[in-house]
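See structure below.
Any read-out appearing in this document is the output of simple, stated calculations on the displayed coordinates, not a laboratory observation. Quick caveat, the model's predicted, so the values are computed rather than measured. Cβ sites come from the backbone with ideal geometry, for glycine too, and all protein chains shown count toward neighbours.
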Amino acid sequence: MLIDPFGRPITYLRISVTDRCNMRCVYCMPPEGIETRSHDEIMRYEEILQVVQTAAQHGITEVRLTGGEPLARAGIVSLVRMIAETPGIRDLSLTTNGLLLEKFAAELAEAGLKRVNISLDTLDPDKFSRITRGASLERVWSGLQAAESAGLTPIKLNTVAMKGVNEDELIDIARLSQRHPWRVRFIELMPVNNQTPWGEGFPSPQSAYLPIHDIRRILAPLDLQPVEEKSGSGPAREYRIPGAPGTVGFISPLGEHFCERCNRLRLTADGALRPCLLSDIEIPLLKALRAGEDIYPFLERAVLMKPEGHELVKNHRPMTRCMIQIGG
Ligand code: SAM
Ligand code: SF4
């Protein structure tokens, strides 16, 4: 069992499988794009599997695949199958922008994927295209439907709440939970290497942050009622519009951070363990893995180096990567 110095059991591994993406969301990557790693610098599927197997032998039970866009990496279904078959892994999920879900949802479910989180920041097709620098909202809707038909449920929708971008739509987005059994979650915008101007029509990145208490105030007319927590390990606090089949949640790493309940480690696509999303501490393991070394000591070290709380609380910003290179 992996337990960090602050007594938190580490049971959850988030794996970024690629630093590439078929969208270019303004808050996630700079306008000029990022320098992506070469093929050789990215973990092969067999290597990711080796890390998962070792992690599973030491108490990791839950894996989430992310990116970049995980469905944009060739052969992703085969990775899902290999991880789903790993003894000890009880929950395997994936975070996606939804563009390729229509194509892959059924295959992913058949390969053993349990659920998907889909990112959706607006219901307006033009605004969606501007936020994502060119993607089609219609394709995401088709993807969402395909995921639901394939049983990749409960579907969670991730909405980054931003002042001057989508604050006027938060009520409508929350109301999706009245028509569908979806879990809509509003996420505070994080300042992770996204502070250069986003482009015409957008507020300055510094002024787009919408604190959790403002998000709650905007949603006050919905009379959200708290939902009793099941396990307490996830970051979202869950609520329900009275009578709704779905829920509304809040992920507020800045305003009401959940560090004391954090149970996760991250693995970047280029093979570095990251003990905290919002800290630049990293433990590279790919070289050692390729040299045939046991990688358990690397997992152990990452857990030992897990900070008690994240850096933003101390007014430091993670500087080394953009969100597209970490995976959220
Ligand atoms: N491409 C996939 C997607 O968009 O769902 C997976 C990777 S993306 C980095 C994972 C999540 O991080 C998405 O829900 C996205 O909205 C969120 N995200 C990206 N940049 C963010 C930021 N600066 N602050 C808060 N959330 C962010
Ligand atoms: Fe791609 Fe997801 Fe980042 Fe958007 S949020 S650019 S879809 S990785």
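The modelled label-to-label distance for the pair R133/S78, using points 7 Å beyond Cα in the direction of Cβ, is 3.1 nm.
For the stretch 99-138, how big is Rg over Rh, using alpha carbon atoms and the Kirkwood form of Rh? Mind showing how you got there, number by number?
Values: Rg = 12.6 Å, Rh = 11.6 Å.
Computed over Cα atoms, the ratio is 1.09.
Counting pairwise Cα distances across the chain, what percent come out greater than 24 angstrom? Mind dumping the intermediate values first?
On the way: 28501 of 53628 pairs.
It works out to 53 percent of all Cα pairs.
Treating only the Cβ atoms of Lys and Arg (+1) and Asp and Glu (-1) as charged, compute the dipole magnitude of the stretch 2-326 about its Cα centre; round to the nearest 20 debye.
On the way: 39 positive and 41 negative charges, 55 e Å.
Dipole magnitude for the stretch 2-326 comes out near 260 debye.
When the chain is treated as a Gaussian network with alpha carbon springs shorter than 10 Å, the biggest mean-square fluctuation among S78, S207, S119 belongs to S207.
Under the simplified labelling scheme, the H58-W141 pair shows an inter-label distance of 4.7 nm, with each label point 7 Å from Cα along Cα→Cβ. Taking 0.36 nm per residue of sequence separation and removing the Cα-Cα distance, the D168/S38 pair yields an extension gain of 42.8 nm. As a length-normalised measure over Cα pairs under 8 Å and 6 or more apart, the relative contact order of the chain settles at 21 percent. Note on the chain: dipole from Cβ charges, positive end direction compared against N166, A72, S252; the farthest Cα belongs to S252.
Which residue fluctuates most in the GNM of the chain (Cα springs below 10 Å): P318, P70, P197? Maximum fluctuation in the GNM of the chain, among the listed residues, is at P197.
Our note on the geometry: Cα centres of the stretch 151-213 and the stretch 29-107, 24 Å apart. Among the cysteines of the chain, C21, C259, C262, C276, C322 have no other cysteine beta carbon within less than 4.7 Å of their own.
Compute the signed sum of charges (Lys and Arg +1, Asp and Glu -1) over the other residues within less than 13 Å, Cβ to Cβ, of A208. Mind dumping the intermediate values first?
On the way: positive: K163; negative: D121, E167, E188, D214.
Here the charged neighbours net out to -3.
Starting from the Cα gyration tensor of the stretch 1-126, take the square roots of the eigenvalues, sort them a ≥ b ≥ c, and report rounded, prolate or oblate (rounded when a/c is under 1.5, otherwise prolate if a/b is larger than b/c, else oblate). Judged from the Cα gyration tensor, the stretch 1-126 comes out prolate (a/c at least 1.5, a/b above b/c). Ranking G292, I326, G309 by Cα position along the charge dipole of the stretch 2-326, where only Lys, Arg, Asp and Glu carry charges on their C-beta atoms, puts G309 farthest toward the positive end. Among I281, I42, I218, the residue with the largest mean-square fluctuation in a Gaussian network model of the chain, with springs joining Cα atoms closer than 10 Å, is I218.
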